[in-house]
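Novice: Dropping a structure here in structure tokens format, bear with me for questions.
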Amino acid sequence: MKRMFAAAALAASLVTALPAAAQDKLTVMLDWFVNPDHAPLVVAQEKGFFKDAGLDVTLTAPADPNDPPKLVAAGGADLAVSYQPQLIIQVAEGLPLVRVGTLVSTPLNSVVVLRDGPVKKIEDLKGRKIGFSIAGFEDALLGAMLEKHGLGLKDVTLVNVNFSLSPSLLSGQVDAVVGAFRNFELNQMDIEKHPGRAFFPEEEGVPPYDELILVAHKDKTGDARIKRFLDAVERATLYILNHPEEAQAAFVKDRPELNDELNRRAWADTLPRFAHSPAALDSQRYARFAEFLKARGLIQAVEPVERYAVVVK
């Protein structure tokens, strides 16, 4: 009996002496600086969900928000946070990218005006200045919204405000802005005592789309790390929904700059927009939006969805 206990004790000591299982490294380029849109990623990291999945994940903010998809295409990162419209356009341009997951499954983009300003409905935009940040998709989005109300881009003046959306609106430089994220700009304007009014593309002739997605190199979709990564992101998303206060505390840990009123409001507004099943894919929805981009002249042909969006298994 003593020998049995001794053998058991020896076995236990050998187990505890074994090194921890190696974590597979995975690099993720964000689309911008860390903000509530990235909550499932940050919470998965802070709560140890990536570690539980055997992953050592590095989240990196880009110096230029246009860089992440290009870095993935060039093999400089494993995954990047991007946008469904940009993905379809970039694939049409030849970038070897594919969507493998979704973070935010509804549009966040909107056209925003001052609530107490002269623009009460989209028709009131005629003859006015509209600020934008990124030419191409934002023009197409605005054009479709205007056309639903008998107007066109020729009826407005577009002004490049270089990502200074709310300031250009509040200063009177423009009468409206397109490209404003409804979970941020509206809250920022309200905090500054100049509340805004938003017009939502998906209610004004633009097909709904995924705002934030995760993209990989098209030759890497068989990488087993991606499936484990998405499982951890799904776990984090459900944790956020079930425990919003605890999740928000994890989100701002070591990031005091994110614990201000703007980010707390944005957190609450973004919460219901996270994809509950990040790996799931609605192929018909993607095809419909590709048709929209073709009709607006942003792509020449509609490619099969499986060329640029997949379900990782």
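Novice: Please return the ranges of helices (runs of 4 or more DSSP H) entirely within the stretch 244-313 where 3 or more residues are among the aliphatic types (A, V, I, L, M) and closer than 24 Å to LEU141 by Cα.
Specialist: On the way: elements: 244-252, 261-270, 283-295.
Helices (runs of 4 or more DSSP H) meeting the threshold: 283-295.
Novice: Filter the stretch 152-211 for residues that are among the basic types (Lys, Arg) and surrounded by fewer than 14 Cβ atoms within 10 Å (Cβ to Cβ); which is farthest from TYR286 (Cα to Cα)? Explain how you work it out, then say what you get.
Specialist: First, pick out the residues of the stretch 152-211 that are among the basic types (Lys, Arg): 154, 182, 193, 197.
If we keep only those that are surrounded by fewer than 14 Cβ atoms within 10 Å (Cβ to Cβ) too, we end up with 154, 193.
Values: LYS154: 29, LYS193: 38 Å.
Filtering the stretch 152-211 for residues that are among the basic types (Lys, Arg) and surrounded by fewer than 14 Cβ atoms within 10 Å (Cβ to Cβ), the one farthest from TYR286 (Cα to Cα) comes out as LYS193.
Novice: Could I ask something else about it? Of everything in the stretch 276-295, what is over 28 Å from LYS227 (Cα atoms) and open to solvent by 70 Å² or more (accessible area, probe 1.4 Å)? Give them in sequence order. It would help to see each step written out before you state the result.
Specialist: As a first pass, look at the stretch 276-295 and keep what is over 28 Å from LYS227 (Cα atoms): 291-295.
Matches in the stretch 276-295: GLU291, LYS294, ALA295.
Novice: Checking the condition under 24 Å from GLN248 (Cβ atoms) and aliphatic (A, V, I, L, M), which residue from LEU41, LEU26, LEU87 passes?
Specialist: Every option except LEU41 fails the conditions.
Novice: Okay, moving on. Quick one: would you say LEU230 is within 21 Å of HIS276 (Cβ to Cβ) and surrounded by fewer than 21 Cβ atoms within 10 Å (Cβ to Cβ)? Break it down into steps so the answer makes sense when it comes.
Specialist: On the way: within 21 Å of HIS276 (Cβ to Cβ): yes; surrounded by fewer than 21 Cβ atoms within 10 Å (Cβ to Cβ): no.
In short, no.
Novice: Scanning for something touching a residue at least 40 places away in the same chain (Cβ under 8 Å), polar (S, T, N, Q) and loosely packed, with under 14 Cβ neighbours inside 10 Å, does the stretch 253-275 turn up at least one residue?
Specialist: Within the stretch 253-275, none of the residues are touching a residue at least 40 places away in the same chain (Cβ under 8 Å), polar (S, T, N, Q) and loosely packed, with under 14 Cβ neighbours inside 10 Å.
Novice: All but one of (1) at pLDDT 95 or above; (2) closer than 23 Å to LEU186 by Cβ; (3) surrounded by fewer than 23 Cβ atoms within 10 Å (Cβ to Cβ) hold for PRO65; state the number of the condition that does not hold.
Specialist: The one condition PRO65 does not meet is (1).
Novice: Continuing with this model, one more query. Among the residues of the stretch 119-147, what is the count of those that are at pLDDT 95 or above, open to solvent by 30 Å² or more (accessible area, probe 1.4 Å) and not charged (D, E, K, R)?
Specialist: The qualifying residues number 1.
Novice: Separate question: Given the conditions (1) surrounded by 18 or more Cβ atoms within 10 Å (Cβ to Cβ); (2) at pLDDT below 95, and given that GLY222 satisfies all but one, which numbered condition is not satisfied?
Specialist: Exception for GLY222: condition (1).
Novice: Among the residues of the stretch 194-207, are any farther than 26 Å from ALA275 by Cα and among the β-branched types (Val, Ile, Thr)?
Specialist: First pass over the stretch 194-207, keeping only residues farther than 26 Å from ALA275 by Cα: 194-196.
Applying the additional criterion that residues be among the β-branched types (Val, Ile, Thr) yields none.
No, the stretch 194-207 has no match at all.
Novice: Something else now. Please pick out the residue among ASP116, ASP124 that is assigned by the TED database to the domain that holds ALA198, within 21 Å of LEU169 (Cα to Cα) and in a helix (DSSP H, G or I).
Specialist: Working: ASP116 fails: in a helix (DSSP H, G or I).
None of the others qualify; the one that does is ASP124.
The values are calculated or read from the model by the stated rules, or taken from the named source; none is laboratory data. On a predicted model such as this, the values are computed, not experimentally measured, just so you know. So basically every Cβ, Gly included, is an ideal-geometry build from the backbone, and we count neighbours across all protein chains shown. Note: accessible area is taken over every heavy atom of the protein model, side chains too, but ligands, DNA and RNA are not part of it. Shrake-Rupley method; radii C 1.70, N 1.55, O 1.52, S 1.80 Å.
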